[in-house]
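Each remark here refers to the structure printed beneath this line.
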Amino acid sequence: MLFSELPLANPLQRAIRAVGYETPTPIQEQSIPSLLEGKDLLGIAQTGTGKTAAFALPILQLLLDSGKFRAPKTCRALILLPTRELAIQVEECFKQYAQFTAISSTCIFGGVGDASQKNCLVRGVDVLVATPGRLLDLIGQKAVSLKALEFFVLDEADRMLDMGFIHDIRKVVALLPQNRQNLFFSATMPDDITKLAATILRPNPVRVEVAPQSTPIERIRQELYRIDKRRKGALLKELLLEHTEMKKVLVFSRTKHGADKIVRVLEKAGVKCAAIHGNKSQTRRQEALKNFKDEKIRVLVATDIAARGIDVDDVSHVFNYDLPDVPETFVHRIGRTARAGKDGIAISFCAPDEEQDLRAIEKLTKIKIPEGDKAIFEKLPPPQKETPESEMRNARGRGFPRREKQAQNSKPAQTPPKAPKQQPQKSAQPVQQAKSEHNSEQLQKAGFHKRRRNRPGSKARRRMRESGNIPN
Ligand code: AMP
């Protein structure tokens, strides 16, 4: 099938040609005709399948057909997404596809001032792309109302729930008019998502399922490096310096702090890179993303939440600097490469305490990841013995050491009651562990007193002293 065979108006056909699409992707082929008939849709699909055009094109067509006009402070179609990056991206798609029509669109998301967003809503808008928090905020301020809504799209529903948006979604749904067409997209369909879909969609929606999670993986070449945590930075640096063909590299870090640290290591080695995560301002995140897309930087370091749904073409390599706790996240991560029929390479680092995560990933994907070229280890500094300080640092990424987490999970009833005083649980645990193995002199030798957070007189130091873990 060709796009030209779909019953889409000339301005949309022109826009499709302008963006260079010829044949619809499977999700587009399956969704567009039913949506044009006004049916509700349940789509099980990930980013990268072409799902944005699958819902945007028929919505634009129906908006053109309806002959209605937008009223002040209302919208006719609402697309709800979990992150600002996704919202911006989806609105850009709407703008592209609607470029030869008079249909208007705007995007609202948190983390920035709301004045310009409110301005855009004053005269009403045809398509509103929003994140849930800011939408409810602006509805509360009476900057926009959903009373004239004709189309409702909930995208990335599983991620929405992961990010704790369920209450916000329910609030939004309660404000929607009864008579509307609904589209619901999710990469996975666990029970809670199925239940949520049933509260939004009309009975018997069209169900479209594309690209099951395991499909893209086969096209991705994978490599595994078993490496201690402290040398991961050096390994990443060496691999990047040795392999100049690694041109557009996405590195996943478990934590925001970790992402910043990776950037520092790479910048020191002269590798152009930037990080995106929740602590970066919206402007910085957009700038980093744009520079990555334009290949002004070679490496983008991201946390899972910040990276979800970011659409960057031609990512040559994905690095799992830390393995994710949730194996499905691994599949989402490496699916950022090998897009649009291209090949891609995913390289994973596995520290001794991540073996369990690796087993879960290999079980889910049914692929044993082959080990990478061990010659690279000769270029790395020798492994160092763990010090109390490094143990503490490593523990921080996971909140607290894994064996304690497991012990807690397996014996919830025996979890000691909370200390009566202001005992800082997270930091005290590794320190207690360190103390059981080293005396205070060793702690000092390890440079505890030199670190900012533990310097004499600091809050952390005072807490340690109070809890009796460090004398004086
Ligand atoms: P999405 O899953 O909507 O994020 O789309 C992923 C990528 O595929 C985007 O870069 C789209 O521009 C591109 N795309 C969507 N539909 C088509 C199509 N029919 N032909 C070629 N590329 C497409």
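The values are calculated or read from the model by the stated rules, or taken from the named source; none is laboratory data. This one's a predicted model, so the numbers in the text were calculated from it and none came from an experiment. Quick reminder, even Gly has a Cβ in these numbers, built from the backbone with ideal geometry, and neighbours come from all protein chains shown.
Pick from segment 276-316 the residues that are touching a helix residue (DSSP H, G or I) at 6+ places or on another chain (Cβ under 9 Å), modelled with pLDDT of 85 or more and among the basic types (Lys, Arg): which of them is surrounded by the most Cβ atoms within 10 Å (Cβ to Cβ)?
298
In this structure, does residue 166 turn out to be modelled with pLDDT of 95 or more and assigned by TED's automatic domain parsing to the domain that holds residue 42? Steps first, answer last, please.
Numbers: modelled with pLDDT of 95 or more: no; assigned by TED's automatic domain parsing to the domain that holds residue 42: yes.
Spelling it out, it is not the case that residue 166 is modelled with pLDDT of 95 or more and assigned by TED's automatic domain parsing to the domain that holds residue 42.
Could you look through segment 138-163, keep only residues that are in a helix (DSSP H, G or I) and either of a type outside the set (Lys, Arg) or outside the structural domain of residue 43 (by TED's automatic domain parsing) (or both), and pick out the one that is nearest to residue 58 (Cα to Cα)?
We begin by selecting, within segment 138-163, every residue in a helix (DSSP H, G or I); these are 138-140, 157-162.
Now restrict to residues that are either of a type outside the set (Lys, Arg) or outside the structural domain of residue 43 (by TED's automatic domain parsing) (or both): 138-140, 157-158, 160-162.
Values: 138: 27, 139: 26, 140: 30, 157: 20, 158: 23, 160: 24, 161: 26, 162: 29 Å.
Going through the qualifying residues, I end up with 157.
For residue 92, only one of the following conditions fails: (1) closer than 16 Å to residue 176 by Cα; (2) within 16 Å of the ligand (Cβ to nearest atom); (3) without any contact (Cβ under 8 Å) to a residue 60 or more places away in the chain; (4) of a type outside the set (Val, Ile, Thr). What is its number?
Here residue 92 clears every test but (1).
Do you know which of the residues in segment 249-275 that are surrounded by fewer than 20 Cβ atoms within 10 Å (Cβ to Cβ) and under 23 Å from residue 374 (Cα atoms) is farthest from the chain's Cα centre (by Cα)?
269
Here is a yes/no grid of residues against (1) at pLDDT 85 or above; (2) crowded, with 20+ Cβ neighbours inside 10 Å:
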position: 319; (1), (2): yes, yes
position: 322; (1), (2): yes, yes
position: 328; (1), (2): no, no
position: 332; (1), (2): no, yes
position: 338; (1), (2): no, yes
position: 341; (1), (2): no, no
position: 350; (1), (2): yes, yes
position: 354; (1), (2): yes, yes
position: 359; (1), (2): yes, no
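In segment 30-44, what residues are within 12 Å of the ligand (Cβ to nearest atom) and either more than 11 Å from residue 55 (Cα to Cα) or aliphatic (A, V, I, L, M) (or both)?
Across segment 30-44, the qualifying residue is only 32.
Assuming residue 290 fulfils every condition listed in (1) farther than 23 Å from residue 110 by Cβ; (2) of a type outside the set (A, V, I, L, M, F, W, C); (3) part of a helix (DSSP H, G or I) apart from one, which condition is it?
(1)
Among the residues of segment 1-10, which ones are assigned to a helix (DSSP H, G or I) and touching a helix residue (DSSP H, G or I) at 6+ places or on another chain (Cβ under 8 Å)? Quick ask: steps written out before the conclusion?
First, pick out the residues of segment 1-10 that are assigned to a helix (DSSP H, G or I): 3-5, 10.
3, 4 - these are the residues of segment 1-10 that are assigned to a helix (DSSP H, G or I) and touching a helix residue (DSSP H, G or I) at 6+ places or on another chain (Cβ under 8 Å).
Is it true that some residue in segment 179-187 is among the hydrophobic types (A, V, I, L, M, F, W, C), at pLDDT below 90 and part of a loop (DSSP other than H, G, I, E, B)? Working first, answer last.
Pass one, segment 179-187, residues among the hydrophobic types (A, V, I, L, M, F, W, C): 183-185, 187.
From what is left, the residues that are at pLDDT below 90 are 187.
Next, from what is left, pick out any that are part of a loop (DSSP other than H, G, I, E, B): 187.
Yes, segment 179-187 contains a residue that is among the hydrophobic types (A, V, I, L, M, F, W, C), at pLDDT below 90 and part of a loop (DSSP other than H, G, I, E, B).
Mind listing whichever residues of segment 118-177 are among the aromatic types (Phe, Trp, Tyr) and within 20 Å of the chain's Cα centre (by Cα)?
Residues of segment 118-177 among the aromatic types (Phe, Trp, Tyr): 151-152, 165.
Result: 165, single match.
Quick one: count up the residues across segment 14-36 that are surrounded by fewer than 16 Cβ atoms within 10 Å (Cβ to Cβ), more than 23 Å from residue 187 (Cα to Cα) and in contact with a helix residue (DSSP H, G or I) (Cβ under 9 Å, 6 or more places away or on another chain).
Qualifying residue count, segment 14-36: 4.
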